[in-house]
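Following: one structure in C-alpha cells, then a few remarks.
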Amino acid sequence: MPVLSSGQRIDNLVSFRNIPAEKYFRIHYDNDFWGKTDYYYTQGYDLEFVTTCLKKNPLSATLLRLKNSRTKYGVSFEHYGFTPTSIKSNKILYNDRPFAGVIMFKSFASSVDTIHKTRLSSVLSTGMIGQAAFAGKMQKTIHSWTGDQEPMGWQYQIRNDVVLNYELNYEKQILNVPNIISMNTNSQARVGTLSNKLQAGATLTLGRFMSPFLPKEEKIKNNYQLYLYSQPLISLVGYDASLQGGVFNRNSPYTLKSSAINRITFQNSFGAVISIRSLYIEYYQIFLTKEFKTGRTHKWGGVKIGVAF
C-alpha cells in the first residue's frame, strides 16, 4: 500500500493501539533482548497519560485536529538509547552505529472523523539528545543489576543537542468486517531536529476488536478484545540525529556521514493485543533492515500495559 505512515521508535498513536476510554495511563517498554540481539536500538520506554483536562495544556494549541471530530489529548515521557554492535570495546568502532541517548516530553492529540472513517494524530516532541539523556548511565546500572558485561564506549556518544520535532499521522479505514478483519492505510510526516522521515505501509488486524472509527466508543460485548496485527512499512529517511549527530552541535566525537545512510528501509511490526474491561496488554516484535550501508538488520520486541479510568 503506497501510503505514508509513522516513523518513531515507540508509536503509541496508531489506531490498532486505541484504548476506548477518555482517561488512561499506559507504559511502553522495548528491548532488543526479545529480538535475540544486543546492539543498535537497545532499549526504550514511554509513560503515556491521556485525560480530557489536557485539552487546556498550552502546547495543545499547536496540535492539528480534524473538524467535527472526537478528540483525545495526552502527554508522554519517552527515553531510549542506541549502541554499536559491541559494548566491549573502549574505542570508537568506525563504520558502526554511534552511541546515542534521547529523552523527550511529548504533547499529542488524536481526532477521529467517524463519518469518513479517518483519524489524525499530531505530536509535538521537545527534549535532548546526548549525555543529558543519561542513557549510558541507565544501561550501566541495568547491566550491573543483571551481572552482564559493563557497557564500554559511552564517552563517544552523540553530544548534547536540542530535540524539537513535529509529527502528523493520518489514517484511513479501507476495510472493516466487525470482529473479523480490518485494514487501514496511514500517512505521516515527521520533521525536526531529531529526525526527518516518511514511511509507507498499511495495517492488517485480525480477531475480536472494536473499531476506533465507531460513532461512539462503546464497550465491546462481554468487555474483551483479542486480536493480532501486522504492519509492514517502507521508510524514506531524510535525517537521523542518532546516526548523524545533532543539527546545532556538530562536535560529536563520532557520527556517520550523510553518504553512509540508507535512504530507504523496510520495517515490519507484528503483535497481539488483549483488552479486558479497563486493562490493555500488548506484546510485539519489530524487524528493521539496515539503516546505514555498513550496518546490520535489527530486531527488537516490547510490551505495553495500560489501565483505563
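So if I take the alpha carbon set of the range 25-106, get Rg, then get Rh from the Kirkwood formula, what is the Rg over Rh ratio?
Using only Cα positions, Rg/Rh for the range 25-106 is 1.16.
Could you tell me which residue out of Ser76, Val177, Ile142 lies farthest along the dipole of the range 15-308 toward its positive end? Charges go on the beta carbon: Lys and Arg +1, Asp and Glu -1, centred on the Cα centre.
Val177
From the P(r) of the range 121-175, could you give the percentage of C-alpha pairs in the tail past 18 Å?
56
So which of Lys137/Lys293; Lys56/Lys106; Lys137/Lys197; Lys36/Lys257; Lys106/Lys172; Lys257/Lys290 end up more than 19 Å apart, counting from Cα to Cα?
Beyond 19 Å between Cα atoms: Lys137/Lys293; Lys137/Lys197; Lys36/Lys257; Lys106/Lys172.
Three principal axis extents, largest first, for the C-alpha atoms of the range 149-198, in Å?
The principal-axis extents, from largest down, are 53, 32, 12 Å.
Give me the percent relative contact order of the chain, please, defined on Cα pairs under 8 angstrom at least 6 residues apart.
So the answer I get is 21 percent.
Under a point-charge model restricted to the Cβ atoms of Lys and Arg (+1) and Asp and Glu (-1), what is the dipole moment magnitude of the range 190-278 relative to its Cα centre, in debye to the nearest 20?
With only Lys, Arg, Asp and Glu charged at Cβ, the dipole is about 80 debye.
In 5 Å bins starting at 0, how do the alpha-carbon pair distances of the range 153-309 split up by percent?
Using 5 Å bins, I get a P(r) of 2, 8, 13, 16, 17, 14, 11, 9, 6, 4, 1, 0 for the range 153-309.
Kirkwood hydrodynamic radius, computed over distinct alpha-carbon pairs, for the range 52-173: how many Å, to one decimal?
About 16.8 Å for the range 52-173.
What is the sum of charges around Ala202, taking Lys and Arg as +1, Asp and Glu as -1, for the other residues whose C-beta is under 13 Å from the C-beta of Ala202?
For residues surrounding Ala202, the net value is 0.
At 222 nm, what helix-only mean residue ellipticity would the chain give, in deg cm²/dmol to the nearest 500, using -39500 (n - 2.57) for each DSSP H run of four or more?
Roughly -1500 deg cm²/dmol at 222 nm, from the helical runs in the chain.
Using the Cα centre as the reference, give the magnitude of the dipole from point charges on the C-beta atoms of the chain (Lys, Arg: +1; Asp, Glu: -1; all else neutral), rounded to the nearest 20 debye.
With only Lys, Arg, Asp and Glu charged at Cβ, the dipole is about 420 debye.
For the chain, count all C-alpha to C-alpha pairs, find those more than 31 Å apart, and express that count as a whole percent of the total.
In whole percent, the share of Cα-Cα pairs in the chain beyond 31 Å is 28.
Largest first and in whole Å, what are the equivalent-ellipsoid semi-axes of the range 19-71 based on the Cα gyration tensor, each being the root of 5 times an eigenvalue?
Each semi-axis is √(5λ); the values are 32, 13, 11 Å.
Can you tell me the 0 to 90 degree angle between the C-alpha axis of helix 135-146 and the longest principal axis of the chain, rounded to 10?
So the helix axis and the longest Cα principal axis differ by about 90 degrees.
Within a Cβ distance under 9 Å of Thr114, other residues only, what is the Lys/Arg minus Asp/Glu net charge?
That sum, taken over residues with Cβ under 9 Å, equals +2.
No lab work stands behind these numbers, since they all come straight from the coordinates. Just so it is clear, the model here is predicted, and its values are computed rather than measured. In this analysis, Cβ positions are derived from the backbone assuming ideal geometry, glycine residues included, and neighbour counts consider all displayed protein chains.
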